[in-house]
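*Asks:* Dropping the structure in here first, questions after.
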Amino acid sequence: MTTLPFATEPAVIPGGESGLGATPELEISSAVHQTTAASAHQNATEMILQMRNITKVFPGVRALDNVTMEVRAGDIHAICGENGAGKSTLMKVLSGVHPYGTYEGEIIYQGEPAVFHSIKASEKAGIVIIHQELALIPELSIAENIFLGNHITHNGLIDWPEAYRRTEELLARVGLSIPAKTQIKHLGVGQQQLVEIAKALAKDVQLLILDEPTSALNEEDAGNLLDLLRDLKTKGITSIMISHKIGELVAIADTVTILRDGRSVDTYPIIPGQADEDRIIREMVGRSLDSRYPTHTSTIGEVIFEVVNWTIEDPNVPGRLLCKDMSLDVRAGEIVGLAGLMGAGRTEFARSVFGRNFGIYREGQVFLHNQPVALTSVRAAIRSGVAYVAEDRKMLGLNLLDDVKSTVVSAWWRGVCSLLGLIDSTKVRSVAEEYRKKLNIKTASVDRGISTLSGGNQQKVVLAKWLFPAPDVLIMDEPTRGIDVGAKYEIYKIIQELADQGKAVILISSELPELLGIADRIYTICEGRITGVTDKQDATQESLMRMMTTTTVLR
């Protein structure tokens, strides 16, 4: 095998980001970064990466158990698996987030043993990871974010003109025509993903790792991102992509590796037009899913929740209305879907109705059981029997410094208080254990920190938090975003069970097949206005998309 040249002596960096003291770090000579795209393409059949018998143990959990994976140079390599299967942990081992010495096994990168003691060391070798939660600073400009910690200097000073010029070049490579001085907070999520890739390109990336890169993107932005990965492939950049969107992976990946319960189950090439999505799902979950959505027969009663003429103003742009005379109703035992493109006003509507915790209220009324209610605060909403599962679980749904048991009861402390009004720790643990079993939350103990759980299990904890107060109305904003098909199936069953209990459920989702598979009725929203409503049996993706892209109210 022809290997790319390495420096003959590894650099020794005192301290390092891991705080483990003086540690040797793998250093690739500049010749690696000067390797042409043509040469990389010529060597596409060679292995750029081999991970052998990787085992990673956390207290009480074996996250990785002898995982082996090989990645060919120039490929787009997909990693699939349920939440908690070990996908992100494996990539954190590779990128130095979990430094050498904290895991067992061997990493061979470009033909040589790789020993990464920090992220800085892996980036120096040309490996860059883009995490699911983007690591951009909103108040800084695009250029400042791209070169943060990697500044271009001249005579000991930051060369801002050169930084802006380089930023413009990098943005052009990823298809963004935005001024380099633009603050990150003014960009959409899709644009921020492209900035992250531009940041990776600034570091002479050879192996790009993307963890759920399209989970928060609409279809157009996701398509643009996939096109960019294809373009990077033609330039010799190898990519590893973690995603729960199976259709997306089979459309772009050359090879797929499947993990289950911390073990590597299978690796095989994806043949265009012949990929078996059912096989991938079956190997991910260890069983066959006859349908992506559980069968369900709805028993629908009277209207128990109604919003009339709801109008909300943008808190940052005076006079701009985010919700315009929006009216909808939900009946007992009914699952009502809200469909709309990103920015249509779905989340703004949900958050403003739930205790007016977003936007400036201008007009509208809420009725519960045909009685008007003033949901003027989150506390008032909870006490009235309304719950809201937020779209962004990390920012709005969880305290990542808390443990599982405290989070489960955090929306309804009254439910775990003694007769004297004091919190009963025994009740707290009992309730948390009940929901851990009921929702199949995978954690060694309810005392474990929320941050130690996988994304899907964190989402289940958020659901438990809002199920504990026993609400009559549950608003769920993208409840399955970023989680695997097996966990999605379990959450769908939970939603259906809530409906069977006579609850009113509002389901917001960017995935039209999900709404068509779960909802009984679907409202469409465009530019803050409800443009139509249709029963499930009469709806198609085409008809919904037509109503989602018109400002005319359709009947």
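The values are calculated or read from the model by the stated rules, or taken from the named source; none is laboratory data. It should be emphasised that the depicted structure is a prediction, and the values quoted were computed from it without experimental measurement. For neighbour counting, all protein chains shown are included, and Cβ atoms are generated from backbone atoms with ideal geometry for every residue, glycine included. The protein model used for the area step is the full one, side chains on, heavy atoms only, and it has no ligands, DNA or RNA in it. Shrake-Rupley method; radii C 1.70, N 1.55, O 1.52, S 1.80 Å.
*Asks:* Could you run through region 505-533 and say how many residues are open to solvent by 20 Å² or more (accessible area, probe 1.4 Å), of a type in the set (Asp, Glu) and at pLDDT below 95?
*Replies:* 2
*Asks:* Only one residue in Thr102, Thr89 is surrounded by fewer than 24 Cβ atoms within 10 Å (Cβ to Cβ), touching a Lys or Arg at 6+ places or on another chain (Cβ under 6 Å) and on the phi < 0 side of the Ramachandran plot. Which one?
*Replies:* So the residue among Thr102, Thr89 that is surrounded by fewer than 24 Cβ atoms within 10 Å (Cβ to Cβ), touching a Lys or Arg at 6+ places or on another chain (Cβ under 6 Å) and on the phi < 0 side of the Ramachandran plot is Thr89.
*Asks:* Right, something else. Could you please tell me which pairs satisfy a Cβ distance under 8 Å, a separation of 6+ or placement on different chains, a first residue in region 124-141 that is touching a residue at least 40 places away in the same chain (Cβ under 8 Å) and open to solvent by 50 Å² or more (accessible area, probe 1.4 Å), and a second residue that is in a loop (DSSP other than H, G, I, E, B) and of a type in the set (Ser, Thr, Tyr)?
*Replies:* Listed pairs, sorted by first residue: Gln132/Ser215.
*Asks:* Could I ask something else about it? Under 7 Å between Cβ atoms, at least 6 apart or on separate chains: pull out the pairs that start in region 234-248 with a residue that is within 17 Å of Arg72 (Cβ to Cβ) and end on any residue that is among the β-branched types (Val, Ile, Thr) and buried (at least 19 other Cβ atoms within 10 Å of the Cβ).
*Replies:* Note: pairs meeting the criteria are Ile237/Val205; Thr238/Ile48; Thr238/Val71; Ser239/Ile76; Ile240/Val71; Ile240/Ile79; Ile240/Ile209; Met241/Ile76.
*Asks:* To continue, here is another question. Which residues, counting only those in region 52-68, are open to solvent by 30 Å² or more (accessible area, probe 1.4 Å), assigned to a strand (DSSP E or B) and more than 15 Å from Asp266 (Cα to Cα)?
*Replies:* Answer for region 52-68, where residues must be open to solvent by 30 Å² or more (accessible area, probe 1.4 Å), assigned to a strand (DSSP E or B) and more than 15 Å from Asp266 (Cα to Cα): Val57, Phe58, Val61, Arg62.
*Asks:* While we're looking at this one, here's another question. Go through region 319-364 and report how many residues are touching a residue at least 60 places away in the same chain (Cβ under 8 Å), in a strand (DSSP E or B) and open to solvent by 10 Å² or more (accessible area, probe 1.4 Å).
*Replies:* Going through region 319-364 one residue at a time, the tally reaches 6.
*Asks:* Name the pairs: first residue in region 157-185 and surrounded by fewer than 16 Cβ atoms within 10 Å (Cβ to Cβ), second residue part of a strand (DSSP E or B), Cβ to Cβ under 9 Å, at least 6 apart or on different chains?
*Replies:* Hits for this filter: Asp159/Thr153; Glu162/His154; Pro179/Ser141; Lys181/Ser141; Gln183/Ser141.
*Asks:* I've got another one for you. Being of a type in the set (S, T, N, Q) and outside any loop (DSSP other than H, G, I, E, B) narrows it down to one residue among Thr295, Thr257, Thr214; which is it?
*Replies:* On inspection, the qualifying residue turns out to be Thr257.
*Asks:* Residues of region 100-141 being under 24 Å from Leu194 (Cβ atoms), in a loop (DSSP other than H, G, I, E, B) and of a type outside the set (Gly, Ala, Ser), which ones?
*Replies:* His131, Gln132, Glu133, Leu134, Leu136, Ile137, Pro138, Glu139, Leu140
*Asks:* Tell me, which residue of region 403-425 that is among the hydrophobic types (A, V, I, L, M, F, W, C), open to solvent by less than 20 Å² (accessible area, probe 1.4 Å) and free of Cβ contacts under 8 Å to residues at least 60 places away in the same chain is nearest to Ser445 (Cα to Cα)?
*Replies:* Val404
*Asks:* Under 18 Å from Gly105 (Cβ atoms), at pLDDT 50 or above and in contact with a Phe, Trp or Tyr (Cβ under 7 Å, 6 or more places away or on another chain), is that true of Ile54?
*Replies:* yes
*Asks:* Here's a follow-up. Return the only residue of Glu490, Glu497 being open to solvent by 20 Å² or more (accessible area, probe 1.4 Å), modelled with pLDDT under 90 and out of contact with any strand residue (DSSP E or B) (no Cβ under 7 Å at 6 or more places or on another chain).
*Replies:* Glu490
*Asks:* Just to be sure before I move on: is Ala390 in contact with a Gly (Cβ under 8 Å, 6 or more places away or on another chain) and within 24 Å of Glu497 (Cα to Cα) in the structure I sent?
*Replies:* Taking the combined requirement at face value, the residue satisfies it.
*Asks:* Could you please find all residues in region 438-453 being in a helix (DSSP H, G or I) and without any contact (Cβ under 8 Å) to a residue 60 or more places away in the chain?
*Replies:* Lys438, Ile450, Ser451
*Asks:* Whether any residue in region 189-203 is touching a residue at least 12 places away in the same chain (Cβ under 8 Å) and not in a helix (DSSP H, G or I) is what I want to check.
*Replies:* yes
*Asks:* Ok, one more. Being among the small types (Gly, Ala, Ser) and open to solvent by 20 Å² or more (accessible area, probe 1.4 Å) is the filter; apply it to region 426-454 and report the residue that is nearest to Ala381 (Cα to Cα).
*Replies:* So the residue we want is Ser430.
Condition check ((1) out of contact with any Phe, Trp or Tyr (no Cβ under 8 Å at 6 or more places or on another chain); (2) farther than 18 Å from Ser327 by Cβ; (3) of a type in the set (S, T, N, Q)) across all residues:
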{"residue": "Val485", "(1), (2), (3)": "yes, yes, no"}
{"residue": "Lys488", "(1), (2), (3)": "yes, yes, no"}
{"residue": "Ile491", "(1), (2), (3)": "yes, yes, no"}
{"residue": "Ile494", "(1), (2), (3)": "yes, yes, no"}
{"residue": "Glu497", "(1), (2), (3)": "yes, yes, no"}
{"residue": "Lys503", "(1), (2), (3)": "yes, yes, no"}
{"residue": "Ser510", "(1), (2), (3)": "yes, yes, yes"}
{"residue": "Arg529", "(1), (2), (3)": "yes, no, no"}
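*Asks:* Return yes when Ile48 is surrounded by 24 or more Cβ atoms within 10 Å (Cβ to Cβ), part of a strand (DSSP E or B), β-branched (Val, Ile, Thr) and touching a helix residue (DSSP H, G or I) at 6+ places or on another chain (Cβ under 8 Å) and no when it is not.
*Replies:* no
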